[in-house]
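Heads up: the structure comes next, in structure tokens.
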Amino acid sequence: DPNTGQVVWTWHRPASQNNFIHRLRHHNGQIICSGLADDVSGWAAAFDAQSGALLWEKTFPGLRTLSDAAIDPAFPGSLLITGTVDD
């Protein structure tokens with residue numbers, strides 16, 4: 001919570017490998033995360049900002065990283081994503 005400094009909720013993937021989050025974005029009560037799901041797959045997910053419930057997640061096999069994901073206002077329901085396809 002940016003107002004109190006308290007941790008409201010946490011999330012951890014139980015079968016983690018080399019996972020990490022590159023970017024967090026807040027959008028309409030959701031937190032959109034982008035990062036690396038494993039050694040070779042980009043990853044994006046959305047969480048409920050209040051409860052921390054996982055709303056959806058998707059991996060992108062073949063993408064080495066997924067550096068950022070943002071809602072595209074011109075096309076409702078779509079994301080703009082950036083990342084790398086190899087090293």
Which chymotrypsin sites (Phe, Trp or Tyr not before Pro) from the range 11-49 combine a DSSP loop assignment with at most 15 other Cβ atoms within 10 Å?
-> W11
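Within a Cβ distance under 13 Å of C33, other residues only, what is the Lys/Arg minus Asp/Glu net charge?
Numbers: positive: R13, R23, R25, K58; negative: D48, E57, D68.
Here the charged neighbours net out to +1.
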Of the heavy-atom accessible surface of the chain (probe 1.4 angstrom), what whole percent is carbon and sulfur?
-> 54 percent
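Using a 1.4 Å probe, what is the accessible area per residue for the chain, in Å²? All intermediate terms of the calculation are to be shown ahead of the outcome.
Values: 5800 Å² over 87 residues.
Result: 67 Å² of accessible area for each residue.
Quantify how much of the Cα-Cα distance distribution of the range 14-79 extends past 14 Å, in percent. Let's see the in-between values first.
Values: 1227 of 2145 pairs.
Cα-Cα pairs in the range 14-79 separated by more than 14 Å: 57 percent.
The values are calculated or read from the model by the stated rules, or taken from the named source; none is laboratory data. In this text, all values refer to a predicted model and were calculated from it rather than measured experimentally. Cβ: placed from backbone, ideal geometry, glycine included. Neighbour counts: every protein chain shown. Quick note on the areas: whole protein, heavy atoms, side chains included, nothing else; ligands and nucleic acids left out. Shrake-Rupley method; radii C 1.70, N 1.55, O 1.52, S 1.80 Å.
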